[in-house]
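Have a look at the structure below, then the notes.
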Amino acid sequence: MRRAPVVEVTVSDADGKPINHGGVGWLVEDAASIQAYYSHFSGGDGKPWSDPEGVPEGQVTLFTTTDGQTPSFATATITTKAGGHYSVTLKPDKPQFRIRGKAVAADDSPLAAVVSIEPISPKALSAVDRVLLEFRGQDTDSEGNFEFRITSPAQVVVRLSTWVGLGAPAEHVRTARLAEAKVESRSAPELLVLKAPPAAVVRCIMIGPAKDRLSMVELGLSFVPHDLGYGHSGSCVWAGGKASADQDPNRKYPEQINFIWPRGVETLLVTGRSTEVALSTTKSESFAGGLVLRHATDSCQIPGYKPRDP
């Protein structure tokens, strides 16, 4: 069996000091598709990054991105062979362009939805951009905020959409356009506001055992009826995105999440999850609950319960 190439990447600044917060990845592009791997790294040890699954053989583009208020990137192309060991230093000195914004309903309230970026010209975005956009996904956060970072000074369309169900199995969750705006990535506005047209908006909160409002880490939506000939675990969509396993303990989650009722759906099963800090013990406590909605005007007050111990 051929051993995969081992590539170690060190990310450093102009003075050669290690950069310990950002992302590193590789990509291989052909005429039909892009094969890629990308991961975030964080730490103060300055150790080189490497893909635990191995980098492909052949011509490979390595890239890195940095976090912060002035994000930057760097790329390098190497040719690898099976069993080879390679060490590469990347110095991110080219600017990334940030497109930040907020999705709102017709009444200007925050709206959890879907935001995508498409170039005006077919080849305006680089392969690195397409990889970064794919890994970032298209969900806003639970308060409608979004941020995209691209490396190309291109004119793009920023499109606001919402979920539509139910389609054929291959189109289980579809989207419908609500609004869009054209922007230049190098001179995007400080905050781009995308407003949805008037529509039925569901406003969900979670109520704890003491009848107090709980902040919600995530809100899942399941479409009913669900007779598509196959099943899946979890919700059909997540309003505000699925919470990550490495959840930020310092992030403040909202007490209310709003979304537009998906067209083509007769009933919604809404499930919420919250993590609260109990003032008496300073320990976090988890709550979860769900309810069924048959109309967008139904009260969406999710009863939160402590999960039972296994």
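The values are calculated or read from the model by the stated rules, or taken from the named source; none is laboratory data. Just so it is clear, the structure is predicted and the values come from calculations on it, not from any experiment. Cβ placement follows ideal geometry from the backbone for every residue including glycine, while neighbour counts extend to all protein chains displayed.
Residues of region 171-198 being under 25 Å from residue 270 (Cβ atoms) and modelled with pLDDT under 95, which ones?
Listed by number, the residues that qualify are 171, 172, 173, 174, 175, 176.
Would you be able to say whether some residue in region 233-248 is at pLDDT 95 or above, farther than 26 Å from residue 304 by Cα and surrounded by 18 or more Cβ atoms within 10 Å (Cβ to Cβ)?
No.
Please verify whether region 110-131 includes one or more residues that are touching a Leu at 6+ places or on another chain (Cβ under 7 Å), part of a loop (DSSP other than H, G, I, E, B) and small (Gly, Ala, Ser).
Checked region 110-131: at least one residue is touching a Leu at 6+ places or on another chain (Cβ under 7 Å), part of a loop (DSSP other than H, G, I, E, B) and small (Gly, Ala, Ser).
Can you name the residue in region 182-223 that is in a strand (DSSP E or B) and touching a Ser or Thr at 6+ places or on another chain (Cβ under 6 Å) and, of all such residues, is farthest from residue 303 (Cα to Cα)?
Across region 182-223, the extreme among qualifying residues is 222.
Check 83, 68 and return the single one that is surrounded by fewer than 16 Cβ atoms within 10 Å (Cβ to Cβ), of a type outside the set (A, V, I, L, M, F, W, C) and farther than 21 Å from residue 148 by Cβ.
Answer to the check: 83.
If you check every pair at least six apart or on different chains, which have Cβ atoms under 7 Å apart with a residue in region 148-167 that is not assigned by TED's automatic domain parsing to the domain that holds residue 75 first and a residue that is buried (at least 21 other Cβ atoms within 10 Å of the Cβ) and aromatic (Phe, Trp, Tyr) second?
151/73; 165/223; 166/223
Please determine whether any residue of region 39-58 is touching a helix residue (DSSP H, G or I) at 6+ places or on another chain (Cβ under 9 Å), hydrophobic (A, V, I, L, M, F, W, C) and at pLDDT 90 or above.
Scanning region 39-58, I find no residue that is touching a helix residue (DSSP H, G or I) at 6+ places or on another chain (Cβ under 9 Å), hydrophobic (A, V, I, L, M, F, W, C) and at pLDDT 90 or above, so the answer is no.
Mind checking which residues of region 81-109 are outside any strand (DSSP E or B), within 29 Å of residue 242 (Cβ to Cβ) and either touching a His at 6+ places or on another chain (Cβ under 8 Å) or of a type in the set (A, V, I, L, M) (or both)?
Within region 81-109, 105, 106 meet the criteria.
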